[in-house]
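Beneath this line is the structure, given in structure tokens, with notes to follow.
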Amino acid sequence: KRVSMEEFASVRPSGLIALNLDEGDTLGWARLTSGKDEIIIVTENGQALRFSETKVRAMGRQAAGVNGIKLKAGDIVTSMDVIEKDGTLLVVTTKGFGKQTPLKEYSPKGRATSGIATIDQKAIKEIGKIAAARVVQKDDDLTIMTANGVAIRLKLKDVKQSGRATRGVHLIKPQEGDSVASMARISAEDLKKAGASVEEAEKVEEQPKLV
């Protein structure tokens, strides 16, 4: 659902209810939007749905929301993100396979439809279900973490681009009994800020001490 930021203008120390959830459901993601953005939702079994956020009317904090994507039996939502100009959709499976696909391959559809395939669904037993998906840019970095705490960091430019319904390549090879649990995007802007902070710290350290 969509909620105006004005609804959160006065937040109590104990917080505010942002969503009324059905029993057994949980809040997965929250993103800031302009009110005119497009959203993409990805499911565990490899479906992806892109639609305009204007298809979801703004509601009060305690509203339950509306159906975003129509799920097939046994499927669950695994990721949600905001569409960015010139971006790609990066998906990573539980067995460490991943790929990025240009967002232009995901045509906008109606809300509450089942979407289109974003991975080779016939190969799910071999490559695993989708663990995480993010909208990314070419100069970003990403960190992939497994359930047992193993992490690797990659440059997005080293991840091959391929079509929607493809299997991808191995980005990380989890040990037996382990699986990919999450993925974090480190944007190019964040990398620049981090680099500037390091340079500034080094300059401070290099300054001569006053005696």
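Any read-out appearing in this document is the output of simple, stated calculations on the displayed coordinates, not a laboratory observation. All figures in this text were calculated on a predicted structure; none of them were measured in a lab. Positions of Cβ are generated from backbone atoms using ideal geometry, with glycine treated the same way; all protein chains shown enter the neighbour counts.
Points to keep in mind about this one:
- Unit charges at the beta carbon, dipole of segment 5-205: most positive-side option, THR93, LEU49, ILE144: LEU49
- Contour excess over end-to-end distance, with Cα ends at ASP190 and SER10 and 0.36 nm allotted per residue: 61.9 nm
- Extension gain (nm, one decimal) between GLU84 and GLU176, 0.36 nm per residue minus Cα-Cα: 29.5 nm
- Among ALA73, ALA63, ALA48, residue whose mean-square fluctuation peaks in a GNM of the chain (springs only between Cα atoms under 10 Å): ALA73
- For the options SER34, SER52, SER182, a Gaussian network treatment of the chain with springs between C-alpha atoms closer than 10 Å singles out SER34 as fluctuating the most.
- Qualifying trypsin sites (Lys or Arg not before Pro) for segment 98-152 [loop in DSSP, other Cβ within 10 Å: at most 11]: none
- Cα-based shape type of segment 25-174, given that a ≥ b ≥ c are square roots of the gyration tensor eigenvalues and the cut on a/c is 1.5: prolate
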